[in-house]
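Reviewing the structure listed below.
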Amino acid sequence: QVQLVESGGGLVQAGGSLRLSCAASGSIFSINAMGWYRQAPGKQREFIGTISSSGTTNYANSMKGPFTISIDNAKNTVYLQMNSLKPEDTAVYYCNAAVVVAAPYRYQEVWGQGTLVTVSS
């Protein structure tokens with residue numbers, strides 16, 4: 001079993017920054033990619049971006065610039081650096097990972113429980 005645990009959410013003023021972390025643990029053989037999504041109140045879950053284990057990133061067009069995703073393979077941890085935050089960035093932020101689970105080897109997609117980010121005006 002593989003688990004993802006997000007941290008770093010909280011309350012921040014508009015224009016501020018936050019860095020979210022998401023650590024993967026469990027019977028991990030390898031991580032293919034990790035990514036971030038968010039869901040604002042009353043809205044559908046929205047794609048932010050992904051990063052492969054080699055560091056290749058892919059962002060939603062609207063997320064480029066203020067948001068940066070990075071990965072620490074040694075720690076099985078992905079980060080989301082968020083700058084110039086706006087009230088409309090208020091949402092629950094979810095981590096996602098595509099992993100190969102060890103013994104027996106199989107592909108698994110895993111979601112974290114989410115961390116709330118609130119941006120005040």
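The values are calculated or read from the model by the stated rules, or taken from the named source; none is laboratory data. Since the structure is predicted, the reported quantities are computational estimates derived from the model, not experimental observations. In this analysis, Cβ positions are derived from the backbone assuming ideal geometry, glycine residues included, and neighbour counts consider all displayed protein chains. These area figures cover heavy atoms from the full protein model, side chains too; ligands, DNA and RNA do not enter into them. Shrake-Rupley method; radii C 1.70, N 1.55, O 1.52, S 1.80 Å.
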Loop-located chymotrypsin sites (Phe, Trp or Tyr not before Pro) in region 60-105, at most 12 other Cβ atoms within 10 Å (DSSP): Y105
Solvent-accessible area per residue for the chain (1.4 angstrom probe, square angstrom): 51 Å²
Alpha carbon centroid spacing (whole Å) that separates region 51-121 from region 1-22: 9 Å
P(r) histogram, all alpha-carbon pairs of the chain included - 10 Å bins from 0, percent: 14, 47, 29, 9, 1
Rounded percent of accessible protein surface that carbon and sulfur make up, the chain, 1.4 Å probe: 50 percent
Descending semi-axes in whole angstrom, ellipsoid equivalent of region 13-70, from the Cα gyration tensor: 23, 14, 13
